[in-house]
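Working notes, beginning with the structure itself.
Coordinate-derived values only; no laboratory data. This is a predicted model, so every value here is computed, not measured. Quick reminder, even Gly has a Cβ in these numbers, built from the backbone with ideal geometry, and neighbours come from all protein chains shown.
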Amino acid sequence: MCGIIGATGSEPVLPVLLEGLARLEYRGYDSAGVALLADDGVWRRRRAGGNKSVAELTEAVGDAPPATTGIGHSRWATHGAPTEPNAHPHTDATGRLALAHNGIIENYRELARTLPQGGDEVTSDTDTEVLAHLVAARMHHGLGLADAVRAALAEVQGKFALAVVHADEPGLIVGARRGSPLIAGQADGTGLLASDIPAIHGRADQFFVIDNDRVVEVRPGSVRITDLSGREVELVGREVGWDLEAAEKGGYPDFMLKEIHEQPAAVRDTLLGRIVAGRLVLDQMRLSDDDVRQVDKVFVVATGSSYHAGMVGRLSIEHFAQLPTELEIASEFRYRDPVLDSSSLVVAISQSGETLDTMEAVAHTKAMSKARVLAVTIVVDSSLGRDADATLYTRAGPEVAVASTKCHVAQLVAMHVLALYLAQVRGKYYPEEVAHQLACLQRLPDRVQAAIDTAPAVTEVARRVEGARDFFFIGRGVGNAMALEGALKLKEISYLRAEGYPAGELKHGPIALIEPGVVVVAIATRSRLRDKLLANMQEVKARGAVVVALVDDEDADDAHVRALSDHVLSVPDAGHELFQPVVDVVPLQLFAYALAIARGNDVDRPRNLAKTVTVE
Ligand code: AGP
């Protein structure tokens, strides 16, 4: 993953680079660095400071020259530990060229052996540094910077987004892309290059998406894009559409809490304008009714929280649209031989639209079949959005915290919208039934708000179990998906051991781990399987577990539930058991949040993680 920022203009660019790095931290933050073109070569500063790298870097650049061209990088380590020598930008042996990279250079060892000193010039453990030497070697043979980058890339295998500067060509940043995202922008005589829009938002009036195997030359007044052979490619500019306010904390102590509170709006906005007179109208999806009617099998692919939304989506598609539906982790799907054909629909869910595993699952689909690909994503112009045949946009606004909350809830809603749309077009459900379910979806924002309002009760329960080290989350049906999501949230921000499990599967092994002090969070909101779930709660209670039950408001005082539980949390009924995760997930997020805060963790930037995972 990693974030790249570059700027070239007539004023000192360091503030632009530091601001861009702070905004790109969601892509990785275990080290950060800047390189500026000074009179005598590259001036560089790097810091490896865990999740405070950009802050430490900002403190350490007081002596920087007033350079008008520079690049910056925030890193999520893949090759080489997160140390200062491995931090980007990397330089060549002369110290006149600097390069920042996002992605993985697969043949870096072979490339190193082709360098003038057989690879001895490489001083870091990264796969990246070899590129700096490779480009410099091409310049040594008389090429200009852009030509040297093009020539070097002809030998590179792997994925990359690059930014390169050289002191011999001040006022130029050369970027290149294969697989990892990159955009260029222009504003008032300043040329910009970045991994993503938030880095340059508020500075660029217009941006240009760089496609795969393109090289971009950014100068103070111009952007030029070529293919790898140097042939010029037409520039298509796009307006920057996001409200920067939306990307700031707005009075909350951190982004995660702010984003949890934005969930009613995320649900409302994801439905906005799509329900007209009790019917779904998804004109922007680019999938005709004939395409939909032709579908005879659905495959859902995703990772992490998006995968959990896919678990719910699968059950919803099977139930409402009555279509056989497979679900697979994206990084597994791409190495399988799924039986796909032109009647298959592959639904790829990714909030960022840049997750490499999911992109590769889509590429695998396209390589082996004529199956249609539908992306469920938030980012218009993301790589996934552009590669897919059809797109259903979730409308949650930019999510900054690494732990997904509002984007996940928007994905859940979008998957129900998709399931009901497939049912509507394929005539699998009476129109009034579809209208009834859509009306239920439209009532969800208020119920999500009511679930958010349980925060004090959730925080109190979290306080009571604060000393525990082992957590199980159990559920059945869609509750199983929420069990996995609750466990994932807890793991990623609190660093506590948490397992999500189908409740019925516990007795086949994991119940051996249940002993006094283990906390079991049971998703016991009303469903066909609630009684069976209560029986599973009994099994863990009998073995000494501390049971936290999540139930419907109507069951909050139920004597049987109370007898089986040490703590009871309750949420409103969602109107249909398949929709219940949209509400149930909220107290699970708040529970993880409260435990993480109690442990003094940085909830927005948990250790070892990155918001967007653009490596395999
Ligand atoms: C969620 O809290 C995680 N940070 C992570 O699992 C995330 O959902 C996953 O990496 C998928 O990201 P995507 O939706 O951008 O593809």
Derived scalar couplings ³J(HN,Hα) [segment 339-351; Karplus, 6.51 cos²θ - 1.76 cosθ + 1.60; whole Hz; x for Gly, Pro] = 7, 10, 8, 5, 8, 8, 10, 9, 9, 9, 9, 7, 4
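Provide the FRET efficiency to the nearest 0.05 for the residue 236-residue 157 pair, computing r from the beta carbons and using R0 = 25 Å.
According to the calculation, E is roughly 0.30.
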query = Based on the alpha carbon coordinates of segment 494-600, what radius of gyration and maximum Cα-Cα distance (Dmax) apply, in Å?
reply = 13.7, 40
inquiry  = Using only DSSP helix segments of four residues or longer, with each worth -39500 (n - 2.57), what per-residue ellipticity at 222 nm results for the chain after dividing by its residue count and rounding to 500?
reply    = -10500 deg cm²/dmol
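Treat every Asp and Glu Cβ in segment 3-248 as -1 and every Lys and Arg Cβ as +1, leave all other atoms uncharged, and give the resulting dipole magnitude about the Cα centre to the nearest 20 debye. Please list the in-between numbers first.
Values: 22 positive and 35 negative charges, 72 e Å.
Rounded to the nearest 20 debye, it is 340 debye.
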message = Using only the alpha-carbon atoms, how far is helix 580-598 inclined from the longest principal axis of the chain? Give it as 0 to 90 degrees, nearest 10.
response = 60 degrees
query = How big is the convex hull of the Cα atoms of segment 3-248, per residue, in Å³?
reply = 108 Å³
query = Quick one: if you stick a label point 7 Å off each Cα along the C-beta vector at residue 52 and residue 543, how many nm between them?
reply = 4.2 nm
inquiry  = Going by average Cβ density within 10 Å per residue, which order do the peptides 480-487, 66-73, 409-416 take, highest to lowest?
reply    = 409-416, 480-487, 66-73
key: segment 291-398, Rg to Rh (Cα coordinates; Rh as Kirkwood inverse mean 1/r)   = 0.93
request  = Would you mind checking 159/366; 258/532; 249/491; 366/507 for any pair whose Cα atoms are more than 30 angstrom apart?
outcome  = 258/532; 366/507
note = Rounded to the nearest 10, the angle in degrees between the Cα long axis of helix 14-24 and the longest principal axis of the Cα atoms of the chain comes to 30 degrees
remark   = Reduced to Cα centres, the span from segment 341-355 to segment 136-186 in Å works out to 31 Å
inquiry  = Compute, for the chain, the length of the dipole vector about the Cα centre, with Cβ point charges of +1 (Lys, Arg) and -1 (Asp, Glu) only. Units Debye, rounded to 20.
reply    = 760 debye
inquiry  = Given an 8 Å cut-off on Cα distances and at least 6 residues of separation, report the relative contact order of the chain as a percent.
reply    = 12 percent
note = The farthest towards the positive end of the charge dipole of the chain, of the residues 158, 191, 43, given +1 on Cβ of Lys and Arg and -1 on Cβ of Asp and Glu, is 158
ask   = What dipole magnitude, in Debye to the nearest 20, does segment 258-451 give about its Cα centre under +1 on Lys/Arg Cβ and -1 on Asp/Glu Cβ?
value = 340 debye
note = Whole-Hz Karplus couplings 3J(HN,Hα) for segment 517-522, θ = phi - 60° and coefficients 6.51, -1.76, 1.60, Gly and Pro as x, run x, 6, 9, 10, 9, 9
ask   = Out of 484, 564, 454, whose Cα points farthest toward the positive end of the dipole of segment 454-598 (charges: +1 Lys, Arg; -1 Asp, Glu; placed on Cβ)?
value = 484
query = What's the percent breakdown of Cα-Cα distances in the chain across 20 Å bins, shortest bin first?
reply = 20, 49, 27, 4, 0
query = Angle between the Cα long axis of helix 356-368 and the longest principal axis of the chain, 0 to 90 degrees, nearest 10?
reply = 90 degrees
ask   = What residues have an amide H closer than 5 Å to that of residue 327, excluding those fewer than 5 places away on the same chain, when H is modeled at 1.01 Å from N in the peptide plane?
value = 300
ask   = Using modelled backbone amide H atoms (1.01 Å from N, in-plane), which distant-in-sequence or interchain residues come within less than 5 Å of residue 570's amide H?
value = 551
request  = Taking just the C-alpha trace of segment 258-451, give me its Rg and Dmax in Å.
outcome  = 15.5, 46
query = For labels at residue 212 and residue 224 in the simple 7 Å Cα→Cβ model, what's the distance in nm?
reply = 2.6 nm
